[in-house]
2 protein chains.
Amino acid sequence: MADALKGNMVVGQSGGPTCVINQSLVGLVTEAMKHSEIGGIYGAAFGVKGILAEDFIDLRKESREALEAVARTPCAALGSVRKKPTPDECARIFDVFRAHDVRYYFYIGGNDSAETAFIVNDIARQANYDIKVFHVPKTIDNDLLVTDHCPGYGTAARFVALALLGDDRDNRSLPGVKIDVVMGRHAGFLTAAAALGRTKDDDGPHLVYVPERPFSEAQFVRDVDEVNKRLGRCIVAVSEGISDASGKPILETKEKDSHGNVQLSGTGALGDYLSDIVKKNLGEKLRVRSDTFGYLQRSFPTIVSEVDAAEARRVGEEAVRFAVGADRSGSVAMRRVGHGRNYRVETFLTPLDSVAKKTKSLDAAFIAPAGNDVTRAFVEYAAPLAGPLFEPGRLAGARVPKRLAT
Amino acid sequence: MADALKGNMVVGQSGGPTCVINQSLVGLVTEAMKHSEIGGIYGAAFGVKGILAEDFIDLRKESREALEAVARTPCAALGSVRKKPTPDECARIFDVFRAHDVRYYFYIGGNDSAETAFIVNDIARQANYDIKVFHVPKTIDNDLLVTDHCPGYGTAARFVALALLGDDRDNRSLPGVKIDVVMGRHAGFLTAAAALGRTKDDDGPHLVYVPERPFSEAQFVRDVDEVNKRLGRCIVAVSEGISDASGKPILETKEKDSHGNVQLSGTGALGDYLSDIVKKNLGEKLRVRSDTFGYLQRSFPTIVSEVDAAEARRVGEEAVRFAVGADRSGSVAMRRVGHGRNYRVETFLTPLDSVAKKTKSLDAAFIAPAGNDVTRAFVEYAAPLAGPLFEPGRLAGARVPKRLAT
């Protein structure tokens, strides 16, 4: 290994927020303070937008108390952005880094952020500018390649699982068909998490539809009818991104972000549409309701998964250790080395381009053959990430003998 | 007072669930066990529907552990119903009560439930059948007359306040206009609770629209524009039940329940509609999103307000004490006798017909003169009910000097 690279560091946050994205930020900052190679610790305001505008926050000036409070606070404290820099902007990023003697660049985000990091790294290499560039994983979608799972997913999964636990009690109180629309455009991990709180055979959700399988409206109606006839109620968890057999989304809005991703969140249209289908086919008198969980899934405070928070912190810290210890750039990933009650991960560095652009889908082994539920294997995969949930109380319900003719 | 009335008791739960409705149930049951006047403790399955079907759960057979677990569990453990009994059904209720020697009837619910209790009480009196009938208040809408506030509201208010605290961080991360649609058909208490987490001047929600004030779409657009120009972002909390100056709801669906209430929940249509108005007037490029919080507001577990849980328990216990101690029927109400840090309530009995049918709206003193925010008086009223919230961490944000020309 060559002499240690000395200079300033920049950290940015990108893409949709999570409840633990600031744990990674604070992990990066507190670990960086331990290494003399790293001078200034700069936070880019609103990701690459702040880098382009030279809008840097001096994170060495933050108190330890402020940093720890920020770590517990949902959503990007530095501000985030959904922006894929153009070639001109990439050149500008490089100019800014050079002007500020930035030698370490950490970008916390999803696969789009890994792609940005990869491009910046590439430009620097072409210019023979010494910089180490690291991607720190973050996404509630849990769709990054290589890593076992992504920081941010566990808490979002916990929110969805708790929401379904409550909704199952609600639906038992006032029976009917309930459709819950969950975030996750192409990957069904978050929708699948709806099933994590089930402990009894008749607990909802009774049907789970992920975007990895084609969605048939006719089969959906048959599934709902079967459950509703059997239990007198039916809870459905469905991904916002479900598509038909030809790959056409069941419902989509027109707006796209600069990475070309269609915006589906923030609207109840899919839930309303599916409710209408159920009513039209199973009867207008049937009580059918829908909820679209929306942004609460990535921002609701006080329900953080402890495992998720600790891992988000750790990938931030490890990124700095890799940066000062290894002579290469990369993305921090997790490998599961203990399972169930012995759940444990170790971290490793994977090349930036192994994470950039492409995304991961739910394993086929995690989806029930009928395509309307998850498997035990999925629950074993995701349960440790969401952490212990809530065990609902239930009445034994012994009946008093009747005394009247009906 | 005459000799103590001896016989069995029936308890039912009615209307939309809350997170603490089972605290009232368990308060009733555990207190009833202390009084020898009360024999059988029967839970009506699904409210009046269970009474009509003689479907009673023997609550004396439930273990203390099961009852305590149920108390902590959201939504009606006995099952609930939205049903106003017909005159024939009221006669049947009375027959069932007589057949089972029911002398105490407790109905946990909103004003519709108080009305049902009042009718049952009236029929019994006309037939010279000795029974004491009690309404135990419950509603996330907080719209019952007489009582200072309603059990169930505090936790729903807490959910909404926490959701907005998270959403404010989300909106700071990725700025834009965000519209959050909150439950509450005619009363704005729950929508107003969106403001409870604000601690800094620029904290969201920046605009709060309650159904007590006519909603002007033109003024709404001007309000959003003003905030967005000033802060570069804008969070709106709006009641699902807002109406225009003529009293016509901004958006309504066709379905009505048997009490004649229009169903507005479970759809994202109002949020989508308001988003479209903003875009059409302020520019299609503006990032505008909406969320409709839906049933999570009344069922999400693990975020219960301790004050709310304790009060829900207490009104259940007090209902039994009033039942065995007072020679009349009634509805249990709360009076606030201590404020702020000395917050404290006492309970009292109010006639059933003082609570039945009519509902309460948000005090004029709780709504800002411009009609787009709440007042300090509202926050003082509601904050003790929701309990301590979440204090977000914030970066001081000292800037690094720029080195390049822009």
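What follows is calculated from the coordinates using simple rules that are stated; it is not laboratory data. Fair warning: this is a prediction, and the values are worked out from it, not measured in the lab. Note that we place each Cβ from the backbone using ideal geometry, even for glycine, and neighbour counts take in every protein chain shown.
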In sequence order, what are the phi-derived ³J(HN,Hα) couplings for the stretch B:56-66 according to the Karplus relation 6.51 cos²θ - 1.76 cosθ + 1.60 with θ = phi - 60°, rounded to whole Hz, with x for glycine and proline?
10, 9, 7, 6, 5, 8, 7, 6, 4, 5, 4
Got a sec to turn the phi values of the stretch A:347-356 into Karplus ³J(HN,Hα) couplings, 6.51 cos²θ - 1.76 cosθ + 1.60 with θ = phi - 60°, whole Hz, x for Gly and Pro?
9, 8, 9, 10, x, 3, 6, 7, 10, 5
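Could you order peptides B:293-301, B:15-23 by the average number of other Cβ atoms within 10 Å of their residues, highest first?
Details: B:293-301: 26.9, B:15-23: 30.3.
By packing density, highest mean first, the sequence is B:15-23, B:293-301.
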List the residues, sorted by chain then number, that are 5 or more residues from A:LYS132 or on another chain and whose placed amide H is less than 5 Å from its amide H.
A:TYR104, A:TYR105
Checking rank on B:124-135, A:216-227, with mean other Cβ inside 10 Å and highest first, the result is B:124-135, A:216-227
Based on the Cα atoms of chain B, what semi-axes does the equivalent ellipsoid have, where each is the square root of 5 times one gyration tensor eigenvalue, given in whole Å with the largest first?
44, 22, 17
Area projected by the alpha carbon convex hull of the stretch B:23-73, averaged over all directions, nm²
3.7
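Within 10 Å of each residue's Cβ, count the other Cβ atoms and sort B:SER24, B:SER329, B:SER290 from fewest upward. Please list the in-between numbers first.
Values: B:SER24 32, B:SER329 24, B:SER290 28.
Least to most surrounded, the residues fall as B:SER329, B:SER290, B:SER24.
Share of Cα-Cα pairs in the stretch B:57-99 beyond 12 Å, in percent? Display every interim value, and only then the final one.
Numbers: 659 of 903 pairs.
Within the stretch B:57-99, distances greater than 12 Å cover 73 percent of Cα pairs.
At a Förster radius of 35 Å, what calculated FRET efficiency corresponds to the Cβ-Cβ distance of A:ASN128 and A:GLU306, to the nearest 0.05?
Rounded to the nearest 0.05, the efficiency is 0.20.
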At q = 0.19, 0.21, 0.28 Å⁻¹, what base-10 log of I(q)/I(0) does the Debye formula yield for the stretch A:177-246 when every alpha carbon is treated as an equal point scatterer in vacuo?
-0.73, -0.87, -1.27
Using only Cα atoms and rounding to the nearest 10 degrees, what angle (0 to 90) does helix A:217-231 make with the longest principal axis of chain A?
60
Which of A:LYS357, A:LYS200, A:LYS279 fluctuates most in a GNM of chain A (C-alpha springs under 10 Å)? That residue is A:LYS200
For the stretch A:9-134, the Rg and Dmax computed from alpha carbons only, in angstrom
13.6, 41
Counting sequence-distant residues (5 or more places) and residues on other chains, those with an amide H built under 5 Å from that of A:ARG287 are A:VAL177
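Going down the list B:LYS178/B:LYS360; A:LYS84/B:LYS229; A:LYS279/B:LYS248; A:LYS229/A:LYS402; B:LYS6/B:LYS360, which pairs span over 32 Å between their C-alpha atoms?
Working: B:LYS178/B:LYS360 29 Å; A:LYS84/B:LYS229 26 Å; A:LYS279/B:LYS248 26 Å; A:LYS229/A:LYS402 26 Å; B:LYS6/B:LYS360 36 Å.
Pairs exceeding the cut-off: B:LYS6/B:LYS360.
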If you line up the Cα atoms of the stretch B:90-220 on their principal axes, what length do they span on each, largest first, in Å?
65, 28, 23
Which order do the peptides B:149-155, A:51-57 come out in when sorted by mean C-beta neighbours inside 10 angstrom, highest first?
B:149-155, A:51-57
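Which FRET efficiency value, to the nearest 0.05, do you get for A:LEU231 and B:ARG335 by plugging their Cβ-Cβ distance into 1/(1 + (r/R0)^6) with R0 = 35 Å? Don't skip to the end; give the middle numbers.
Values: r = 43 Å, r/R0 = 1.24.
E between A:LEU231 and B:ARG335, to the nearest 0.05, is 0.20.
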Points 7 angstrom from Cα along the Cβ direction at A:LYS6 and B:SER246: gap in nanometres?
7.7
Specify the inter-centroid distance of the stretch B:48-68 and the stretch A:306-374, based on alpha-carbon positions, in whole Å.
48
For helix A:87-99, report the angle its Cα long axis makes with the longest principal axis of the Cα atoms of chain A; keep it between 0 and 90° and round to the nearest 10°.
50
Given H placed 1.01 Å from N in the peptide plane, which residues other than close sequence neighbours of B:VAL182 have an amide H under 5 Å from its amide H?
B:VAL238, B:SER239, B:GLU240
Please arrange A:MET334, B:MET9 by how many other C-beta atoms lie within 10 Å of their C-beta, fewest to most.
A:MET334, B:MET9
May I ask what percent, to the nearest 5, of DSSP beta bridges between residues of the stretch A:22-165 are antiparallel?
35
Step by step: find N for the protein assembly as shown, compute 2.2 N^0.38 Å, then divide the Cα radius of gyration by it. What's the final number?
1.00
Just to verify a number: FRET efficiency for B:GLU217 and B:VAL379, C-beta to C-beta distance, R0 = 25 Å, to 0.05?
0.35
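With n ≥ 4 as the cut-off for DSSP H runs, can you work out [θ] at 222 nm for the protein assembly as shown, using -39500 (n - 2.57) per run divided by the number of residues, rounded to the nearest 500?
Working: 24 runs with 286 residues, N = 812.
After summing the helix terms and dividing by residue count, I get -11000 deg cm²/dmol.
Starting from the Kirkwood radius over alpha-carbon pairs of the stretch B:81-149, derive D by Stokes-Einstein at 4 °C in a medium of 1.567 mPa s and give it in µm² s⁻¹.
Working: Rh = 12.7 Å.
Translational diffusion coefficient: 102 µm²/s.
What list do you get for A:THR199, A:THR302 if you sort them by fewest beta carbons within 10 Å? Walk me through the intermediate numbers first.
Working: A:THR199 10, A:THR302 15.
By the 10 Å Cβ count, ascending: A:THR199, A:THR302.
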DSSP-defined beta bridges in chain B - what % are antiparallel, rounded to 5
30
Largest-first semi-axes in Å of the equivalent ellipsoid built from the Cα gyration tensor of the stretch A:333-406 are 44, 18, 10
Given labels modelled 7 Å from the Cα in the Cβ direction, how far is it in nm from B:ARG394 to A:ALA398?
5.8
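When you look at the Cβ of every residue in B:159-172, what mean number of other chain Cβ atoms sits within 10 Å? Display every interim value, and only then the final one.
Values: counts 3, 0, 0, 6, 6, 1, 6, 15, 9, 3, 10, 12, 4, 7.
Taking the mean over all residues of the peptide, I get 6.
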Cα point-scatterer Debye curve for the stretch A:257-406, base-10 log of I(q)/I(0) at q = 0.12, 0.14, 0.15, 0.17 Å⁻¹
-0.90, -1.14, -1.25, -1.40
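How well do other chains shield peptide B:383-394, expressed as the mean number of their Cβ atoms within 10 Å of each residue Cβ?
Working: counts 0, 0, 0, 0, 0, 0, 2, 6, 4, 9, 13, 6.
Whole-number average of other-chain Cβ neighbours for B:383-394 is 3.
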Rounded to whole angstroms and listed largest first, the alpha-carbon spread of the stretch B:120-191 along its three principal axes comes to 66, 18, 15
DSSP bridge orientation in the protein assembly as shown - percent antiparallel, rounded to nearest 5:
30
Report, in degrees rounded to the nearest 10, the 0 to 90 angle that the Cα long axis of helix A:153-173 makes with the longest principal axis of chain A.
20
